[in-house]
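Colleague: Here it is, the structure, as structure tokens.
The values are calculated or read from the model by the stated rules, or taken from the named source; none is laboratory data. Note that the structure is a prediction, hence the values are computed from the model and not measured. So basically every Cβ, Gly included, is an ideal-geometry build from the backbone, and we count neighbours across all protein chains shown. Note: areas computed on protein heavy atoms with side chains; ligands, DNA, RNA excluded. Shrake-Rupley method; radii C 1.70, N 1.55, O 1.52, S 1.80 Å.
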Amino acid sequence: MKLKQLAKFAAISILALPVLASAKTMKVGMGDPIESDQGAYAIRFQELVEFYSGGDIKIKLYPGGALGSETEMVQNTRLGSLDMALVGIGNVTPFSKKLGALTMPYLITNSSDAVLITTGELGEYWNELAINEAGVNILGWTYSNFRHLTNSKRPVKNLEDVKGLKVRVPQNSIMLKSWEVFGANPIAMAWTETFTALQQKVVDGQDNPYIVNNTMKFYEVQPYLTEVHHQYSLQPLLIGNRTMGKLSDEQRAILNRAGLEAQQYALVFQMTEAENAKQNMIANGVEVSTLEDEDKWIALAKEKVWPEFYDDIGGKESFDDVLEKLQQ
């Protein structure tokens, strides 16, 4: 990771914030279990909010899809019937097509890119899109690393191996197209339905980072995993514009500060725990493969996926600007 980027990312003021006058309880819906990287972010956010508010803001967590699918939680957050939702970025894009740029295959190539694209000028850019198009604010990001392919059929080591595999994908047109171009048969499906679908072999596989794959216990129904690097999983914490507008300046300041500090914590958590998750999956019988021809996957993504979605995500010029900022 570039040290300058990390230094900028870590430089947060520790000025004291005023204690609020009245107590408030806020609900946070989550798609993943509490043991996941989403859970690590959420617990840290909860601790920070309650500490900085002197206990005057209470955060109640609802992990594991307890409040519905991730798409449903985003919608309810937009409407103001749910305070906050912590979800995969692919489940936000139905409400803001331009945010789909973050799901372009092989856009993010490492953790440094993931930090750069979600902080500073680019971070502000995505938040403005979320506010204006999706009706939500982004308080922070969970960094979950690359979405590796798991499946129950066979080891996947090249494009030939992936042909015909039925792969569960979020309701995201770019992600669906990506797997189609790679040769799979992508099927859009709610996250809460995924484990059962894998278990019953309605679908053959799915893609998620090591920590998610491990905490969801996919090793019970998916004996094969391939380290594909087509997409770095970003999971924003959202609060609806309507809910944000009802808060005081002090409350908004506390939530924004806690969201960013939890984001830093989530990055470190992912870096230290992903390898542990990988080793636990191997210990539970998962065969891990690497791609022999990932250069071909990259070429397919750039030649057959990127051009098709330029118009949806704000135009090629806008996307090129994002690429240029990542290369600085």
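Colleague: Can you report the number of residues in region 252-272 which are surrounded by fewer than 19 Cβ atoms within 10 Å (Cβ to Cβ) and either more than 27 Å from Lys24 (Cβ to Cβ) or at pLDDT below 95 (or both)?
Modeller: 3
Colleague: In this structure, is Ser69 of a type in the set (S, T, N, Q), over 14 Å from the mean Cα position of the chain (by Cα), open to solvent by 10 Å² or more (accessible area, probe 1.4 Å) and closer than 21 Å to Leu176 by Cβ?
Modeller: Spelling it out, Ser69 is indeed of a type in the set (S, T, N, Q), over 14 Å from the mean Cα position of the chain (by Cα), open to solvent by 10 Å² or more (accessible area, probe 1.4 Å) and closer than 21 Å to Leu176 by Cβ.
Colleague: Looking only at region 289-322, which residues are closer than 29 Å to Leu129 by Cα and of a type in the set (Lys, Arg)?
Modeller: Across region 289-322, the qualifying residues are Lys302, Lys304, Lys316.
Colleague: Is there any pair linking a residue in region 19-35 that is modelled with pLDDT of 95 or more to one that is open to solvent by less than 70 Å² (accessible area, probe 1.4 Å) and aromatic (Phe, Trp, Tyr), with Cβ under 7 Å and at least six apart or on different chains, and which?
Modeller: Lys27/Tyr62; Val28/Tyr62; Gly29/Tyr62; Met30/Tyr62
Colleague: Could you give me the residue pairs with C-beta distances under 7 Å whose first residue belongs to region 225-247 and is more than 22 Å from Asn214 (Cβ to Cβ), whose second residue is among the hydroxyl-bearing types (Ser, Thr, Tyr) and open to solvent by less than 10 Å² (accessible area, probe 1.4 Å) wherever it lies, and which are 6+ apart or on separate chains?
Modeller: Every condition considered, the pairs that remain are Leu238/Thr77; Ile239/Thr77; Gly240/Thr77.
Colleague: So if I check each of Asn158, Asn185, Asn214, which one is under 26 Å from Glu35 (Cα atoms) and in contact (Cβ under 8 Å) with a residue 12 or more places away in the chain?
Modeller: Asn214 is the lone residue from the list that is under 26 Å from Glu35 (Cα atoms) and in contact (Cβ under 8 Å) with a residue 12 or more places away in the chain.
Colleague: Which number in (1) in contact with a Phe, Trp or Tyr (Cβ under 7 Å, 6 or more places away or on another chain); (2) part of a helix (DSSP H, G or I) marks the one condition that Asn214 misses?
Modeller: Among (1) in contact with a Phe, Trp or Tyr (Cβ under 7 Å, 6 or more places away or on another chain); (2) part of a helix (DSSP H, G or I), the lone unmet condition for Asn214 is (1).
Colleague: Okay, next question. Only one of Thr243, Thr226 is surrounded by fewer than 23 Cβ atoms within 10 Å (Cβ to Cβ) and assigned to a helix (DSSP H, G or I); which?
Modeller: Thr243
Colleague: Restricting to region 279-299, name every residue that is open to solvent by less than 40 Å² (accessible area, probe 1.4 Å) and within 20 Å of Ser152 (Cα to Cα).
Modeller: The answer is Met281, Val286, Ser289, Leu291.
Colleague: So, in region 146-176, of the ones that are part of a loop (DSSP other than H, G, I, E, B) and charged (D, E, K, R), which residue ends up least open to solvent (accessible area, probe 1.4 Å)?
Modeller: Arg147
Colleague: Then there's this: I'd like the full set of residues that are crowded, with 20+ Cβ neighbours inside 10 Å, out of contact with any Asp or Glu (no Cβ under 7 Å at 6 or more places or on another chain) and more than 25 Å from Ile43 (Cβ to Cβ), limited to region 76-105.
Modeller: Thr93, Leu99, Ala101, Thr103, Met104, Pro105
Colleague: On to the next question. From Trp126, Trp141, grab the single residue that is part of a strand (DSSP E or B), of a type outside the set (Ser, Thr, Tyr), under 28 Å from Asp320 (Cβ atoms) and out of contact with any Lys or Arg (no Cβ under 8 Å at 6 or more places or on another chain).
Modeller: Trp141
Colleague: Sticking with this one: Go through (1) closer than 16 Å to Gln263 by Cα; (2) touching a Pro at 6+ places or on another chain (Cβ under 9 Å); (3) at pLDDT below 95; (4) not acidic (Asp, Glu) and name the single condition Gln5 misses.
Modeller: Checking Gln5 against (1) closer than 16 Å to Gln263 by Cα; (2) touching a Pro at 6+ places or on another chain (Cβ under 9 Å); (3) at pLDDT below 95; (4) not acidic (Asp, Glu), the one that fails is (2).
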